[in-house]
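Before I ask anything, here is the structure I am working with.
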Amino acid sequence: MLFSNLQVYATPVTGYSWGSRNITYQNNGTNNVYTNIWTHARDEWNLSTDVFLKAGTNSKFTAGNKSDSGVTWDGFAQWTTSIITGNYSTMKTWVNTYYTAQSHYTTDHVKGIATHEFGHALGLDHAPFGNPTVMTPNTFERNSSGTLIDGRPNKSPTSWDINTINVIYNNNFASVQSDEPVLDVPDNVLEKVQTTQKDLKINHYSWAIGYSTLEARAHDADVIVSGMVKNKLSPLIKNDGETEEAFLAIGGSYR
């Protein structure tokens with residue numbers, strides 16, 4: 001379902017959910033290790049919230065793993081949604097074994113990534129680093145001195161996450177439903193989507209490393225160019241004419 005009253009939730013929400021509390025996903029883990037991490041993530045949400053995730057056959061909601069050294073994410077959720085109905089149409093969640101096989105990733109880190117991605121699959125969005133939630137966007141954070149610290153200390157659903165999921169999926173959530181889209185979509189894009197009835201595709205990443213400062217980024221990049229950018233452009237964000245600071249990091253292990 002699609003919501004307009006987003007500010008009532010402790011953990012940010014995507015604005016979308018499944019149309020039922022009973023949700024079947026397809027566990028495509030390539031071995032017992034990765035099958036088990038998705039089972040663990042399922043149990044984390046089932047045991048703490050009012051939803052019921054069940055492994056089965058469902059090509060529209062899959063959970064798997066793959067190795068990709070050319071990206072900077074260690075977890076990934078991609079979904080399509082109907083801007084008309086407000087429901088998820090499809091959901092794909094991944095763990096990137098290129099990162100999770102590295103020595104600084106513990107089993108708890110990998111389980112936390114899978115639990116985080118299932119949080120997206122249930123309707124939760126990213127929350128800023130430091131918030132008491134499993135939905136912080138980075139598995140690790142690089143601080144200004146170059147040290148890697150835990151970017152997601154909460155690797156299980158917290159009270160913020162649990163309460164938000166239960167509000168989304170309780171029997172009365174239809175009372176706060178709105179027929180108006182909550183995304184700030186330009187009128188021409190919205191009109192095209194509504195006319196063609198096409199779904200929107202959205203990607204969310206769990207980043208292997210997050211950086212809070214330019215000094216932190218400098219540890220993983222050869223060159224950083226900083227400047228000002230006017231008029232950010234996005235197909236889903238109206239051109240607001242604001243000027244913002246931006247940077248370009250080049251080379252090193254920073255991609």
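Give me the distance in nm between label points sitting 7 Å out from Cα along the Cα-to-Cβ direction at Asn36 and Thr90, one decimal.
3.1
A further question follows. List the residues, sorted by chain then number, that are 5 or more residues from Phe61 or on another chain and whose placed amide H is less than 5 Å from its amide H.
Amide H neighbours of Phe61: Gln26, Met91.
Taking a quarter of the surface of the Cα convex hull of segment 84-164, what do you get in nm²?
6.5
Provide the per residue accessible area, probe 1.4 Å, for segment 84-147, rounded to a whole number of square angstrom. Intermediate results must be reported in sequence, preceding the final value.
Details: 2120 Å² over 64 residues.
Ligands and nucleic acids excluded, the figure is 33 Å² per residue.
Here's something else I'd like to know. How compact and how long is segment 23-90, expressed as Rg and Dmax of its alpha-carbon atoms in Å?
Just the Cα atoms of segment 23-90 yield Rg and Dmax of 13.5, 39 Å.
Cα extents of segment 1-141 along the three principal axes, largest first, in whole Å?
Between the extreme Cα coordinates on each principal axis of segment 1-141 lie 42, 36, 31 Å.
Is the C-alpha gyration tensor of segment 95-137 telling us rounded, prolate or oblate? Criteria: a/c under 1.5 is rounded; beyond that, a/b larger than b/c is prolate, otherwise oblate. Walk me through the numbers on the way to the answer.
Working: a/c = 2.53, a/b = 1.64, b/c = 1.54.
Verdict is prolate for segment 95-137.
Evaluate the distance, in nm, between pseudo-label points positioned 7 Å from the Cα of Thr24 and of Gln102 along their respective Cα→Cβ axes.
Label-label distance for Thr24 and Gln102, simple model: 3.8 nm.
Probe radius 1.4 Å, ligands and nucleic acids ignored: give me the carbon and sulfur share of the accessible area of segment 63-113 as a rounded percent.
49
Would you grab the residues whose amide H sits under 5 Å from the one on Phe76? Only those 5+ places off in sequence or on another chain, please, with H modelled 1.01 Å from N.
Answer set, sorted by chain and number: Trp94, Ser206.
Right, next: Would you kindly derive the ³J(HN,Hα) couplings of segment 113-121 from the backbone phi angles with the Karplus curve 6.51 cos²θ - 1.76 cosθ + 1.60 (θ = phi - 60°), listing them in order in whole Hz, with x for Gly and Pro?
5, 5, 5, 4, 5, 5, x, 4, 4
Further, regarding this structure: With a probe of 1.4 Å, find how much accessible area segment 15-80 has per residue, and write the answer as a whole number in Å².
44
Enumerate the amide H contacts of Asn87 below 5 Å, restricted to partners 5 or more residues apart or on another chain; note that Pro and chain-start residues carry no placed amide H.
For Asn87, whose amide H was placed from the backbone, the distant partners under 5 Å are Ser82.
Determine ³J(HN,Hα), in whole Hz, for all residues of segment 25-34 in sequence, where each value follows from phi through the Karplus function 6.51 cos²θ - 1.76 cosθ + 1.60 and θ = phi - 60°; x replaces Gly and Pro.
10, 9, 8, 9, x, 7, 8, 4, 4, 7
The values are calculated or read from the model by the stated rules, or taken from the named source; none is laboratory data. What you see is a predicted model; the values in this text were computed from it and never measured. No Cβ is skipped: glycine too gets one built from the backbone with ideal geometry, and neighbour counts run over all protein chains shown. Side chains are part of the model used for accessible areas, which takes the heavy atoms of the whole protein and leaves out ligands, DNA and RNA. Shrake-Rupley method; radii C 1.70, N 1.55, O 1.52, S 1.80 Å.
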